[in-house]
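K.L.:
Sharing a structure below in C-alpha coordinates format, with a few things to ask.
The values are calculated or read from the model by the stated rules, or taken from the named source; none is laboratory data. Since we're looking at a predicted model, the values are computed, not measured. Methodologically, a virtual Cβ is constructed for each residue, glycine included, from the backbone with ideal geometry; neighbour enumeration extends over all protein chains shown. With ligands, DNA and RNA removed, areas are computed over all heavy atoms of the protein, side chains included. Shrake-Rupley method; radii C 1.70, N 1.55, O 1.52, S 1.80 Å.
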Amino acid sequence: MKTSKARKAGILRKFSWLAAASMFVVGAIGPSAVIAAASEPVVTLESGVNGCMGVRTTPGSENTDKQLVGGDLDPGGTATFLISYPVDSEDVAGRTTFVITDCVFINDEPVLMYSVSFVPNTENFLLTFTLTIPDDAPIGAEYCNYAKTTAAPSTSQASNRKAGPACFIVGGALRVLKVDGNDEPLAGADFSVSCTVPTTTASLPVTIINPGEHQFTSVSGATIDEDVTTGADGAVSVQGPVGLQCTFTEMSAPGGYELPDTASCTKPVTLGSQQTCKFVNLPTPVPEYGLVLAKTNDAPLEDLELPDGSIVGLPTADEGSTVTYTLSYTFSGDPVTNAVITDVLPAGVTYVDGTATSDTQFTFQGYTAGTRTLTWTAPDLDASGTLSYEVTVDAGAAEFAQPLVNVAAIDSDQTPRDEDDSPIFVPTIPLAATATPKVTLPPTDTIVPSQGESNPGFSLMLILLALAAVVLTVGFVTPVPSSVRERSRRR
(Lines give C-alpha, C1' and ligand atoms only; values in the text may rest on other atoms or scores of the structure.)
Protein backbone atom coordinates (compact mmCIF):
# COMPACT_ATOMS: atom_id res chain seq x y z
CA MET A 1 0.00 0.00 0.00
CA LYS A 2 1.45 3.39 -0.98
CA THR A 3 1.17 6.38 1.30
CA SER A 4 2.11 9.99 0.51
CA LYS A 5 4.92 11.60 2.48
CA ALA A 6 2.55 14.27 3.81
CA ARG A 7 0.06 11.62 4.96
CA LYS A 8 2.76 9.60 6.66
CA ALA A 9 4.11 12.70 8.37
CA GLY A 10 0.62 13.52 9.66
CA ILE A 11 0.11 10.01 11.00
CA LEU A 12 3.55 10.05 12.58
CA ARG A 13 2.82 13.33 14.36
CA LYS A 14 -0.54 12.03 15.64
CA PHE A 15 0.70 8.66 16.83
CA SER A 16 4.01 9.56 18.45
CA TRP A 17 4.76 6.32 20.29
CA LEU A 18 7.30 6.01 23.06
CA ALA A 19 9.20 2.74 23.26
CA ALA A 20 11.33 0.95 25.82
CA ALA A 21 13.03 -2.42 25.63
CA SER A 22 14.61 -4.86 28.06
CA MET A 23 15.92 -8.40 27.90
CA PHE A 24 15.21 -11.45 30.01
CA VAL A 25 16.75 -14.90 30.09
CA VAL A 26 14.40 -17.52 28.65
CA GLY A 27 12.46 -19.09 31.50
CA ALA A 28 13.10 -16.22 33.89
CA ILE A 29 10.49 -15.96 36.63
CA GLY A 30 9.80 -12.67 38.36
CA PRO A 31 11.81 -9.44 38.54
CA SER A 32 14.56 -11.05 40.58
CA ALA A 33 15.45 -13.25 37.59
CA VAL A 34 16.08 -10.32 35.24
CA ILE A 35 19.63 -10.48 33.88
CA ALA A 36 21.12 -7.46 32.20
CA ALA A 37 22.32 -7.84 28.64
CA ALA A 38 25.97 -7.44 27.84
CA SER A 39 24.92 -3.98 26.73
CA GLU A 40 21.60 -2.33 27.55
CA PRO A 41 19.20 -2.12 24.57
CA VAL A 42 19.28 1.22 22.79
CA VAL A 43 15.93 2.17 21.23
CA THR A 44 16.04 4.69 18.40
CA LEU A 45 13.00 6.19 16.69
CA GLU A 46 13.89 6.44 13.03
CA SER A 47 12.94 9.50 11.01
CA GLY A 48 10.94 7.56 8.43
CA VAL A 49 9.40 4.21 7.74
CA ASN A 50 11.49 3.14 4.76
CA GLY A 51 12.19 -0.54 5.12
CA CYS A 52 9.04 -1.37 7.13
CA MET A 53 7.45 -3.16 4.20
CA GLY A 54 10.46 -5.50 4.23
CA VAL A 55 10.03 -6.06 7.94
CA ARG A 56 6.41 -6.94 7.50
CA THR A 57 5.86 -10.66 7.30
CA THR A 58 3.68 -12.54 4.91
CA PRO A 59 1.73 -15.62 5.99
CA GLY A 60 4.16 -18.47 6.51
CA SER A 61 7.28 -16.29 6.63
CA GLU A 62 7.32 -15.86 10.41
CA ASN A 63 10.21 -17.70 12.01
CA THR A 64 10.30 -15.95 15.37
CA ASP A 65 7.52 -15.78 17.89
CA LYS A 66 6.17 -12.36 18.85
CA GLN A 67 3.19 -11.91 21.12
CA LEU A 68 1.16 -9.18 22.73
CA VAL A 69 1.58 -9.91 26.43
CA GLY A 70 0.56 -6.86 28.41
CA GLY A 71 -0.80 -3.35 28.63
CA ASP A 72 -4.30 -1.96 28.83
CA LEU A 73 -4.47 -1.25 25.07
CA ASP A 74 -6.47 1.92 25.70
CA PRO A 75 -5.67 5.47 24.52
CA GLY A 76 -2.94 6.83 26.78
CA GLY A 77 -2.09 3.32 27.93
CA THR A 78 0.53 0.82 26.85
CA ALA A 79 1.03 -2.29 24.79
CA THR A 80 3.82 -4.73 25.60
CA PHE A 81 5.17 -7.26 23.12
CA LEU A 82 7.46 -10.23 23.71
CA ILE A 83 9.95 -11.43 21.05
CA SER A 84 11.69 -14.76 21.46
CA TYR A 85 15.16 -15.18 19.87
CA PRO A 86 17.36 -18.28 19.72
CA VAL A 87 21.11 -17.60 20.04
CA ASP A 88 24.11 -19.84 19.42
CA SER A 89 26.70 -19.04 22.10
CA GLU A 90 29.56 -19.72 19.70
CA ASP A 91 28.25 -17.19 17.19
CA VAL A 92 28.05 -14.38 19.74
CA ALA A 93 31.22 -15.13 21.64
CA GLY A 94 32.66 -11.88 20.37
CA ARG A 95 29.60 -10.03 21.65
CA THR A 96 28.59 -8.84 18.20
CA THR A 97 25.87 -6.18 18.21
CA PHE A 98 22.42 -7.25 17.18
CA VAL A 99 19.97 -4.81 15.59
CA ILE A 100 16.24 -5.47 15.47
CA THR A 101 14.00 -3.26 13.35
CA ASP A 102 10.50 -2.90 14.81
CA CYS A 103 7.69 -1.31 12.79
CA VAL A 104 4.27 -0.15 13.92
CA PHE A 105 1.39 -0.34 11.44
CA ILE A 106 -1.88 1.54 12.04
CA ASN A 107 -4.80 0.27 10.00
CA ASP A 108 -2.33 -1.53 7.72
CA GLU A 109 -0.12 1.52 7.11
CA PRO A 110 3.48 1.77 8.48
CA VAL A 111 3.73 4.84 10.67
CA LEU A 112 6.70 4.27 13.00
CA MET A 113 10.00 2.47 12.80
CA TYR A 114 12.34 1.73 15.71
CA SER A 115 15.81 0.27 15.80
CA VAL A 116 16.72 -1.71 18.88
CA SER A 117 20.46 -2.41 19.18
CA PHE A 118 22.15 -4.47 21.89
CA VAL A 119 24.83 -7.06 22.58
CA PRO A 120 23.08 -10.20 23.82
CA ASN A 121 24.19 -12.71 26.34
CA THR A 122 25.34 -16.05 25.06
CA GLU A 123 21.97 -17.69 25.65
CA ASN A 124 18.58 -17.62 24.03
CA PHE A 125 16.77 -14.48 25.13
CA LEU A 126 13.42 -12.77 25.26
CA LEU A 127 13.08 -9.15 24.27
CA THR A 128 10.17 -7.22 25.74
CA PHE A 129 9.10 -4.12 23.90
CA THR A 130 6.61 -1.65 25.41
CA LEU A 131 4.90 1.09 23.43
CA THR A 132 2.90 3.99 24.84
CA ILE A 133 -0.40 4.50 23.03
CA PRO A 134 -1.20 8.17 22.30
CA ASP A 135 -4.02 9.78 24.26
CA ASP A 136 -5.84 10.63 21.05
CA ALA A 137 -5.57 7.19 19.48
CA PRO A 138 -9.00 6.37 18.04
CA ILE A 139 -10.96 3.56 19.64
CA GLY A 140 -11.20 0.71 17.15
CA ALA A 141 -7.99 1.45 15.22
CA GLU A 142 -5.93 -1.67 14.47
CA TYR A 143 -2.29 -1.56 15.61
CA CYS A 144 0.15 -4.22 14.42
CA ASN A 145 3.77 -4.67 15.37
CA TYR A 146 6.35 -6.48 13.24
CA ALA A 147 10.01 -7.13 14.03
CA LYS A 148 13.00 -8.40 12.03
CA THR A 149 16.65 -8.97 12.79
CA THR A 150 18.46 -6.56 10.45
CA ALA A 151 22.01 -6.92 11.78
CA ALA A 152 23.49 -10.04 13.37
CA PRO A 153 26.31 -12.57 12.84
CA SER A 154 25.44 -14.34 9.62
CA THR A 155 25.86 -17.73 11.22
CA SER A 156 23.69 -16.93 14.21
CA GLN A 157 20.33 -18.56 14.60
CA ALA A 158 18.98 -15.08 15.28
CA SER A 159 20.01 -13.69 11.92
CA ASN A 160 17.30 -12.81 9.43
CA ARG A 161 14.53 -13.54 11.93
CA LYS A 162 11.04 -12.17 11.27
CA ALA A 163 8.39 -11.89 13.97
CA GLY A 164 4.78 -10.84 13.82
CA PRO A 165 2.30 -9.68 13.37
CA ALA A 166 1.26 -8.96 16.93
CA CYS A 167 -1.88 -6.89 16.46
CA PHE A 168 -4.52 -5.38 18.68
CA ILE A 169 -7.50 -3.08 18.40
CA VAL A 170 -7.27 0.08 20.49
CA GLY A 171 -9.82 -0.37 23.23
CA GLY A 172 -10.12 -4.07 22.42
CA ALA A 173 -11.37 -6.02 19.42
CA LEU A 174 -14.58 -6.74 21.29
CA ARG A 175 -15.93 -4.02 23.50
CA VAL A 176 -18.80 -3.67 25.93
CA LEU A 177 -20.02 -0.13 26.45
CA LYS A 178 -22.28 0.48 29.42
CA VAL A 179 -24.32 3.70 29.31
CA ASP A 180 -27.41 5.27 30.82
CA GLY A 181 -30.42 6.64 28.99
CA ASN A 182 -28.48 9.83 28.18
CA ASP A 183 -25.60 7.84 26.65
CA GLU A 184 -23.32 8.61 29.62
CA PRO A 185 -20.89 5.86 30.75
CA LEU A 186 -21.92 3.81 33.78
CA ALA A 187 -19.48 2.29 36.25
CA GLY A 188 -20.26 -0.66 38.49
CA ALA A 189 -22.06 -2.99 36.06
CA ASP A 190 -21.08 -6.64 36.58
CA PHE A 191 -20.54 -8.75 33.47
CA SER A 192 -19.79 -12.38 32.79
CA VAL A 193 -17.45 -12.78 29.80
CA SER A 194 -17.33 -16.17 28.10
CA CYS A 195 -15.01 -16.59 25.12
CA THR A 196 -14.41 -19.54 22.79
CA VAL A 197 -10.98 -19.61 21.13
CA PRO A 198 -10.84 -21.19 17.66
CA THR A 199 -8.78 -24.39 17.43
CA THR A 200 -7.22 -23.19 14.20
CA THR A 201 -5.46 -20.37 16.02
CA ALA A 202 -2.00 -20.93 17.44
CA SER A 203 -1.43 -20.20 21.11
CA LEU A 204 -2.17 -16.49 20.96
CA PRO A 205 -3.06 -14.43 24.02
CA VAL A 206 -6.65 -13.58 24.85
CA THR A 207 -6.78 -10.38 26.84
CA ILE A 208 -9.75 -9.32 28.96
CA ILE A 209 -9.41 -5.63 29.74
CA ASN A 210 -11.31 -4.13 32.61
CA PRO A 211 -10.42 -1.42 35.15
CA GLY A 212 -7.33 -2.41 37.11
CA GLU A 213 -7.29 -5.99 35.84
CA HIS A 214 -5.76 -7.22 32.59
CA GLN A 215 -5.71 -10.97 32.20
CA PHE A 216 -3.43 -12.31 29.47
CA THR A 217 -3.96 -16.00 28.83
CA SER A 218 -2.33 -18.00 26.04
CA VAL A 219 -4.92 -20.52 24.99
CA SER A 220 -5.91 -22.56 21.95
CA GLY A 221 -9.28 -24.15 21.39
CA ALA A 222 -10.50 -23.36 24.89
CA THR A 223 -13.25 -21.49 26.69
CA ILE A 224 -12.52 -18.59 29.02
CA ASP A 225 -14.97 -17.43 31.67
CA GLU A 226 -14.31 -14.25 33.63
CA ASP A 227 -16.34 -11.88 35.78
CA VAL A 228 -15.59 -8.20 35.22
CA THR A 229 -16.97 -4.84 36.33
CA THR A 230 -17.16 -1.66 34.30
CA GLY A 231 -15.13 1.35 35.40
CA ALA A 232 -15.67 5.06 34.97
CA ASP A 233 -15.55 4.75 31.17
CA GLY A 234 -18.31 2.12 31.24
CA ALA A 235 -16.19 -0.24 29.14
CA VAL A 236 -14.98 -3.83 29.23
CA SER A 237 -12.87 -5.05 26.33
CA VAL A 238 -11.46 -8.28 24.96
CA GLN A 239 -8.45 -8.57 22.67
CA GLY A 240 -7.80 -11.84 20.87
CA PRO A 241 -7.14 -13.55 17.55
CA VAL A 242 -9.46 -13.45 14.58
CA GLY A 243 -12.21 -16.02 15.03
CA LEU A 244 -12.41 -15.53 18.79
CA GLN A 245 -16.06 -15.25 19.85
CA CYS A 246 -17.21 -13.86 23.17
CA THR A 247 -20.54 -13.54 24.92
CA PHE A 248 -21.05 -10.67 27.36
CA THR A 249 -23.87 -11.06 29.88
CA GLU A 250 -24.77 -8.33 32.35
CA MET A 251 -25.31 -10.03 35.69
CA SER A 252 -26.18 -7.01 37.83
CA ALA A 253 -26.79 -3.36 37.02
CA PRO A 254 -25.18 -0.40 38.81
CA GLY A 255 -27.01 0.84 41.86
CA GLY A 256 -30.15 2.75 40.97
CA TYR A 257 -30.46 1.18 37.51
CA GLU A 258 -32.34 -1.75 36.02
CA LEU A 259 -30.98 -4.49 33.79
CA PRO A 260 -31.75 -3.92 30.10
CA ASP A 261 -34.41 -5.99 28.40
CA THR A 262 -31.63 -7.76 26.47
CA ALA A 263 -28.75 -8.38 28.85
CA SER A 264 -26.59 -10.61 26.64
CA CYS A 265 -24.57 -10.00 23.48
CA THR A 266 -22.30 -12.26 21.40
CA LYS A 267 -19.68 -10.92 18.99
CA PRO A 268 -16.76 -12.45 16.99
CA VAL A 269 -13.33 -10.89 16.50
CA THR A 270 -12.96 -9.72 12.90
CA LEU A 271 -9.81 -8.46 11.22
CA GLY A 272 -9.31 -4.73 11.35
CA SER A 273 -12.53 -3.72 13.07
CA GLN A 274 -13.98 -3.37 16.51
CA GLN A 275 -17.23 -5.06 17.49
CA THR A 276 -19.19 -3.26 20.21
CA CYS A 277 -22.02 -4.46 22.44
CA LYS A 278 -23.85 -1.48 23.86
CA PHE A 279 -25.93 -2.00 26.97
CA VAL A 280 -28.31 0.80 27.96
CA ASN A 281 -29.53 0.84 31.54
CA LEU A 282 -32.44 3.01 32.58
CA PRO A 283 -32.85 4.28 36.14
CA THR A 284 -34.86 2.08 38.45
CA PRO A 285 -38.36 3.59 38.64
CA VAL A 286 -39.11 5.27 41.95
CA PRO A 287 -41.69 3.06 43.69
CA GLU A 288 -45.15 4.52 44.15
CA TYR A 289 -47.28 3.34 47.03
CA GLY A 290 -50.90 4.03 47.89
CA LEU A 291 -52.98 2.65 50.77
CA VAL A 292 -56.11 4.41 52.12
CA LEU A 293 -59.02 3.37 54.32
CA ALA A 294 -62.75 4.19 54.21
CA LYS A 295 -65.13 3.27 57.05
CA THR A 296 -68.95 3.04 56.96
CA ASN A 297 -71.78 1.54 59.02
CA ASP A 298 -75.28 0.24 58.30
CA ALA A 299 -77.20 2.24 60.90
CA PRO A 300 -80.28 3.79 59.24
CA LEU A 301 -80.20 7.49 58.48
CA GLU A 302 -82.73 9.64 60.34
CA ASP A 303 -83.40 13.28 59.65
CA LEU A 304 -82.72 15.57 62.59
CA GLU A 305 -83.20 19.30 62.80
CA LEU A 306 -80.19 21.28 63.98
CA PRO A 307 -80.49 24.49 66.04
CA ASP A 308 -79.95 26.53 62.86
CA GLY A 309 -83.01 24.89 61.36
CA SER A 310 -81.12 22.75 58.84
CA ILE A 311 -82.04 19.09 58.45
CA VAL A 312 -79.29 16.40 58.44
CA GLY A 313 -79.40 12.66 58.13
CA LEU A 314 -77.47 10.88 60.88
CA PRO A 315 -76.82 7.13 61.21
CA THR A 316 -79.05 6.42 64.18
CA ALA A 317 -79.08 3.27 66.32
CA ASP A 318 -81.22 2.64 69.36
CA GLU A 319 -79.84 1.11 72.53
CA GLY A 320 -79.78 -2.67 72.19
CA SER A 321 -79.53 -2.63 68.39
CA THR A 322 -76.72 -4.20 66.30
CA VAL A 323 -74.56 -2.16 63.91
CA THR A 324 -72.22 -3.55 61.23
CA TYR A 325 -69.07 -1.57 60.40
CA THR A 326 -67.32 -2.02 57.04
CA LEU A 327 -63.64 -1.20 56.46
CA SER A 328 -62.74 -0.76 52.77
CA TYR A 329 -59.02 -0.43 52.03
CA THR A 330 -57.81 0.74 48.62
CA PHE A 331 -54.38 -0.25 47.29
CA SER A 332 -52.48 1.38 44.41
CA GLY A 333 -48.95 1.38 43.00
CA ASP A 334 -46.27 -1.06 44.12
CA PRO A 335 -46.80 -3.84 46.69
CA VAL A 336 -46.38 -2.96 50.36
CA THR A 337 -45.34 -5.02 53.36
CA ASN A 338 -46.44 -5.37 56.99
CA ALA A 339 -49.78 -3.60 56.61
CA VAL A 340 -51.84 -3.14 59.79
CA ILE A 341 -55.45 -2.03 60.37
CA THR A 342 -56.61 -1.00 63.85
CA ASP A 343 -60.09 0.09 64.94
CA VAL A 344 -60.73 1.52 68.42
CA LEU A 345 -64.33 1.22 69.68
CA PRO A 346 -65.89 4.11 71.64
CA ALA A 347 -67.59 3.68 75.00
CA GLY A 348 -71.24 2.79 74.45
CA VAL A 349 -70.80 -0.12 72.04
CA THR A 350 -69.61 -3.71 72.54
CA TYR A 351 -67.82 -5.88 69.98
CA VAL A 352 -69.74 -9.01 69.02
CA ASP A 353 -67.29 -11.92 69.33
CA GLY A 354 -66.63 -13.87 66.16
CA THR A 355 -68.04 -11.29 63.75
CA ALA A 356 -64.76 -9.74 62.52
CA THR A 357 -63.91 -11.02 59.02
CA SER A 358 -60.58 -11.73 57.27
CA ASP A 359 -59.82 -11.79 53.54
CA THR A 360 -57.06 -13.17 51.30
CA GLN A 361 -54.63 -10.53 52.53
CA PHE A 362 -55.66 -9.28 55.97
CA THR A 363 -56.05 -11.68 58.88
CA PHE A 364 -58.01 -10.68 62.00
CA GLN A 365 -55.67 -10.96 64.99
CA GLY A 366 -58.25 -10.33 67.72
CA TYR A 367 -59.94 -7.82 69.96
CA THR A 368 -58.10 -6.32 72.94
CA ALA A 369 -60.66 -5.38 75.58
CA GLY A 370 -58.26 -3.21 77.59
CA THR A 371 -57.72 -0.82 74.70
CA ARG A 372 -61.03 -1.62 72.97
CA THR A 373 -59.01 -2.26 69.76
CA LEU A 374 -59.58 -4.66 66.86
CA THR A 375 -56.45 -5.51 64.83
CA TRP A 376 -55.83 -6.98 61.34
CA THR A 377 -52.41 -7.66 59.74
CA ALA A 378 -51.15 -8.41 56.21
CA PRO A 379 -47.46 -9.36 55.66
CA ASP A 380 -47.74 -8.53 51.95
CA LEU A 381 -50.38 -6.42 50.26
CA ASP A 382 -50.94 -5.87 46.54
CA ALA A 383 -54.72 -5.49 46.12
CA SER A 384 -57.75 -3.76 47.57
CA GLY A 385 -60.28 -5.43 49.85
CA THR A 386 -63.05 -5.19 52.45
CA LEU A 387 -63.38 -6.24 56.12
CA SER A 388 -66.28 -5.96 58.57
CA TYR A 389 -67.40 -6.56 62.15
CA GLU A 390 -70.46 -6.03 64.35
CA VAL A 391 -71.16 -4.19 67.61
CA THR A 392 -74.19 -3.90 69.87
CA VAL A 393 -75.29 -0.54 71.26
CA ASP A 394 -75.10 -0.65 75.08
CA ALA A 395 -77.94 0.34 77.42
CA GLY A 396 -77.24 3.90 78.53
CA ALA A 397 -75.23 4.68 75.36
CA ALA A 398 -77.48 7.70 74.79
CA GLU A 399 -76.00 9.33 77.92
CA PHE A 400 -72.53 9.61 76.27
CA ALA A 401 -71.53 12.57 74.15
CA GLN A 402 -73.12 12.13 70.76
CA PRO A 403 -72.40 10.91 68.20
CA LEU A 404 -70.36 7.85 69.17
CA VAL A 405 -67.23 7.91 67.01
CA ASN A 406 -64.69 5.15 66.50
CA VAL A 407 -61.57 5.75 64.39
CA ALA A 408 -59.95 3.10 62.17
CA ALA A 409 -56.43 3.44 60.74
CA ILE A 410 -54.22 1.65 58.19
CA ASP A 411 -50.48 1.85 57.55
CA SER A 412 -47.54 -0.23 56.23
CA ASP A 413 -43.76 -0.18 55.91
CA GLN A 414 -44.06 1.96 52.80
CA THR A 415 -47.14 4.10 53.45
CA PRO A 416 -48.11 6.67 56.09
CA ARG A 417 -51.01 6.23 58.49
CA ASP A 418 -54.43 6.89 56.99
CA GLU A 419 -57.57 7.26 59.16
CA ASP A 420 -61.32 7.36 58.77
CA ASP A 421 -64.26 7.33 61.18
CA SER A 422 -67.93 6.36 61.06
CA PRO A 423 -70.20 7.96 63.73
CA ILE A 424 -73.57 6.74 64.98
CA PHE A 425 -76.17 8.72 66.96
CA VAL A 426 -77.95 7.04 69.86
CA PRO A 427 -81.19 8.96 70.61
CA THR A 428 -82.52 9.58 74.12
CA ILE A 429 -85.84 7.80 74.87
CA PRO A 430 -88.30 10.37 76.39
CA LEU A 431 -89.45 9.45 79.94
CA ALA A 432 -93.10 10.23 79.11
CA ALA A 433 -92.97 7.75 76.28
CA THR A 434 -91.83 4.78 78.35
CA ALA A 435 -95.47 3.54 78.53
CA THR A 436 -98.63 4.03 76.57
CA PRO A 437 -100.40 7.12 77.95
CA LYS A 438 -103.66 6.44 79.76
CA VAL A 439 -106.54 8.76 79.02
CA THR A 440 -109.29 9.25 81.70
CA LEU A 441 -112.63 10.09 80.11
CA PRO A 442 -115.46 12.01 81.90
CA PRO A 443 -118.48 10.03 83.47
CA THR A 444 -120.92 8.92 80.84
CA ASP A 445 -123.95 10.48 82.60
CA THR A 446 -122.42 13.94 82.21
CA ILE A 447 -122.23 13.64 78.48
CA VAL A 448 -125.80 12.32 77.93
CA PRO A 449 -127.91 14.97 76.18
CA SER A 450 -130.74 16.60 78.14
CA GLN A 451 -133.15 15.26 75.60
CA GLY A 452 -133.52 11.55 76.08
CA GLU A 453 -131.95 10.78 72.68
CA SER A 454 -128.51 9.38 72.08
CA ASN A 455 -125.99 11.58 70.06
CA PRO A 456 -123.09 9.44 68.63
CA GLY A 457 -121.46 12.42 66.89
CA PHE A 458 -121.07 14.30 70.13
CA SER A 459 -119.43 11.34 71.90
CA LEU A 460 -116.93 10.90 69.08
CA MET A 461 -115.98 14.55 69.29
CA LEU A 462 -115.25 14.25 73.01
CA ILE A 463 -112.98 11.22 72.39
CA LEU A 464 -111.01 13.04 69.69
CA LEU A 465 -110.56 16.05 71.94
CA ALA A 466 -109.21 13.84 74.71
CA LEU A 467 -106.67 12.16 72.36
CA ALA A 468 -105.52 15.53 71.07
CA ALA A 469 -104.90 16.65 74.63
CA VAL A 470 -102.73 13.57 75.28
CA VAL A 471 -100.64 14.14 72.14
CA LEU A 472 -100.16 17.81 73.03
CA THR A 473 -99.10 16.92 76.54
CA VAL A 474 -96.50 14.34 75.34
CA GLY A 475 -95.07 16.74 72.77
CA PHE A 476 -94.77 19.45 75.39
CA VAL A 477 -93.02 17.38 78.05
CA THR A 478 -90.60 15.65 75.62
CA PRO A 479 -87.72 18.09 74.97
CA VAL A 480 -85.22 17.69 72.12
CA PRO A 481 -82.02 16.29 73.64
CA SER A 482 -79.39 18.92 74.26
CA SER A 483 -76.80 16.79 72.42
CA VAL A 484 -78.89 17.14 69.28
CA ARG A 485 -79.57 20.83 69.74
CA GLU A 486 -75.89 21.63 70.23
CA ARG A 487 -74.00 19.20 67.94
CA SER A 488 -72.91 19.81 64.37
CA ARG A 489 -72.16 17.24 61.72
CA ARG A 490 -68.71 15.56 62.04
CA ARG A 491 -66.91 15.38 58.77
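K.L.:
How big is the shadow of the Cα convex hull of the stretch 222-338, averaged over all directions, in nm²? It would help to have the intermediate numbers written out before the result.
P.N.:
Values: hull surface 66.1 nm².
One quarter of the hull surface, i.e. the mean projection, equals 16.5 nm².
K.L.:
Per residue, how many Å² of accessible area does the stretch 234-305 show with a 1.4 Å probe? It would help to have the intermediate numbers written out before the result.
P.N.:
On the way: 3770 Å² over 72 residues.
Value returned for the stretch 234-305: 52 Å² of accessible area per residue.
K.L.:
Place a point 7 Å from the Cα of THR355 along the Cα-to-Cβ direction; which residues of the stretch 292-332 have their backbone N under 17 Å from it?
P.N.:
Taking a point 7 Å out along Cα→Cβ of THR355, the residues of the stretch 292-332 whose backbone N falls under 17 Å are 295-301, 315-328.
K.L.:
How much area per residue is accessible in the stretch 322-386 when the probe is 1.4 Å and only protein heavy atoms are counted (Å²)? Please report the intermediate quantities before stating the final value.
P.N.:
Details: 2930 Å² over 65 residues.
Dividing the accessible area of the stretch 322-386 by its residue count gives 45 Å².
K.L.:
Skipping prolines and chain starts, which residues have an amide H placed within reach, meaning under 5 Å, of the one on VAL407, given they are 5 or more residues away or on another chain?
P.N.:
Excluding prolines and chain starts, which carry no amide H, the hits are VAL344.
K.L.:
Can you bin every Cα-Cα distance in the stretch 282-370 into 10 Å intervals starting at zero and give me the percent of pairs per bin, rounded to whole numbers?
P.N.:
Calculated over all Cα pairs of the stretch 282-370, the distribution is 11, 33, 27, 18, 8, 3, 0 percent.
K.L.:
Between GLU288 and THR97, with labels modelled 7 Å along Cα→Cβ, what's the label distance in nm to one decimal, could you check?
P.N.:
If labels sit at GLU288 and THR97, their model points lie 7.9 nm apart.
K.L.:
For ASP74, enumerate residues with amide H under 5 Å from its amide H, sequence gap 5+ or separate chain, H modeled in the peptide plane.
P.N.:
GLY171
K.L.:
Once neighbouring chains are kept in place and the probe is 1.4 Å, which whole percent of the accessible area of the stretch 243-354 is contributed by carbon and sulfur?
P.N.:
53
K.L.:
Could you let me know the centre-to-centre spacing of the stretch 342-373 and the stretch 233-255, using Cα atoms, in angstrom?
P.N.:
Distance between centres, Cα-based: 59 Å.
K.L.:
While we're on this one: Applying the Karplus parametrisation 6.51 cos²θ - 1.76 cosθ + 1.60 with θ = phi - 60° to the phi angles of the stretch 192-199, what ³J(HN,Hα) value in whole Hz is obtained for each residue in order, glycine and proline being reported as x?
P.N.:
Result, rounded to whole Hz: 9, 10, 10, 10, 10, 8, x, 6.
K.L.:
I need the peptides 225-233, 403-411, 281-289 ranked by packing, meaning the mean over residues of other C-beta atoms within 10 angstrom, with the highest value on top.
P.N.:
In descending order of packing, they fall as 403-411, 225-233, 281-289.
K.L.:
Where in the stretch 325-340 is the amide nitrogen less than 15 Å from a point lying 7 Å along the Cα-to-Cβ axis of SER384?
P.N.:
Within reach of a label on SER384, which here means backbone N under 15 Å from a point 7 Å along Cα→Cβ, the stretch 325-340 contributes 327-334.
K.L.:
Note the full-extension length gain between ASP183 and MET251 as 0.36 nm times their separation in residues minus their Cα-Cα distance, in nm to one decimal.
P.N.:
Result: 22.5 nm gained on full extension.
K.L.:
Using θ = phi - 60° and the Karplus relation 6.51 cos²θ - 1.76 cosθ + 1.60, list the HN-Hα couplings for the stretch 178-186 in order, rounded to whole Hz, with x at every Gly or Pro.
P.N.:
Running phi through 6.51 cos²θ - 1.76 cosθ + 1.60 with θ = phi - 60° gives 9, 9, 9, x, 9, 6, 8, x, 10 Hz.
K.L.:
Share of Cα-Cα pairs in the stretch 333-410 beyond 14 Å, in percent?
P.N.:
Tail of the P(r) past 14 Å holds 64 percent of the pairs.
K.L.:
Which residues' amide hydrogens lie under 5 Å from the amide hydrogen of THR355, considering only partners 5 or more residues apart or on another chain, with H built in the peptide plane?
P.N.:
It is GLU390, by chain and number.
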